[in-house]
Structures are given as structure tokens and as C-alpha cells.
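The structure appears right after this line, and notes come after that.
The values are calculated or read from the model by the stated rules, or taken from the named source; none is laboratory data. Quantities reported herein were computed from a predicted structural model and do not represent experimental measurements. Heads up, the Cβs are rebuilt from the backbone with ideal geometry, glycines too, and the neighbour counts pull from every protein chain shown. For the accessible areas, the whole protein counts, side chains as well, though only heavy atoms, and no ligand, DNA or RNA atoms are used. Shrake-Rupley method; radii C 1.70, N 1.55, O 1.52, S 1.80 Å.
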Amino acid sequence: MVRRAMSTRIAAGFVLAATLLLAGCGSSDTNSTAASTTAKAGQTTTKSGDSKPAAVTVDVTDMKFSPADVTVKVGETVTWKFKDSVPHTVQGIGDKAMGINSPIFDKGAWSYTFFAPGTYRYLCSLHPQMRGTVTVE
Ligand SMILES: [Cu+2]
């Protein structure tokens, strides 16, 4: 066991030394190596983001959407969280926003994913003075 651990450590040390040697070939190589490592870490973050898209949350509380105006990127999801003492809906205004059409919610959450850029206006069909917009970039 000990011997195996030792050889693993030596192997790891060799790889490290080889990496350092490669990096040592030119000072610009060191920079590009660091940059590619950073990019890889970024890709991992993006991948985990793909399985669960970045989301913006709008609280539905005190007879208003808060924040009333939000901005997302194409493919991102807006989640409305219903926290008020009275029921509300999220309903798009106009043809473009037709797909935005939630059931009536007392409590809970409803999500909508935006795939086309533009500005989407919506209101609560029970309280039409409650309005908001989603801008999709
Ligand atoms: Cu309402």
C-alpha cells in the first residue's frame, strides 16, 4: 500500500515536472496554459448551467411583480414565485407574449423559458394593474 502510494506520488511529481518543463519552454506558454485552464473551468460552469438554466426570479407579492422589469438572455427562464395573500396569474400582453399564460396561483411558482429576443409585457389577469416586462437579449 505504502509503496503504491509512493509510486503514485512519484508519477504525479513526474507529470508536474514535465508540465513545468513544457511551460518553461517560453514565457508566453505559461500564460496560454493558465488561460486554457481558466477556460476549461469556465466550460464546466457553463455545462452545469445548461442542465439547469440560469434563472431570474420575480416575486409576486403585495399586489405587484417585484422586480417588475427583468432582463434575461435567450434560452433563460424566468420563475414567478407567488407569495401574496391573494391569487394571481402571469399573462402575456399581445401576440408575441401569447405563450406566457400561467394558471391562477395562490402559492407556488411558475416558470417560462424565453427563446426569442424582444420585450414581453405581461399582467395579472385578475388584477390588470399589476404589470411587468421581460426583456430577452
Ligand atoms: Cu393578481
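Debye sum, Cα scatterers, the range 83-137, no solvent: what log₁₀ I/I(0) at q = 0.25, 0.27 1/Å?
-1.02, -1.14
So, with a 1.4 angstrom probe, what is the percent of accessible area on the range 53-125 that is carbon and sulfur?
Ligands and nucleic acids excluded, carbon and sulfur reach 54 percent.
Under 5 Å between amide hydrogens, which residues at least 5 positions from Ile100 or on another chain qualify, with H placed 1.01 Å from N in the peptide plane?
The answer is Gly92.
Using 1/(1 + (r/R0)^6) with R0 = 25 angstrom and r between the beta carbons of Leu126 and Thr71, what's the FRET efficiency to the nearest 0.05?
According to the calculation, E is roughly 0.45.
Order of 72-83, 104-115 by packing, highest average Cβ count within 10 Å first?
72-83, 104-115
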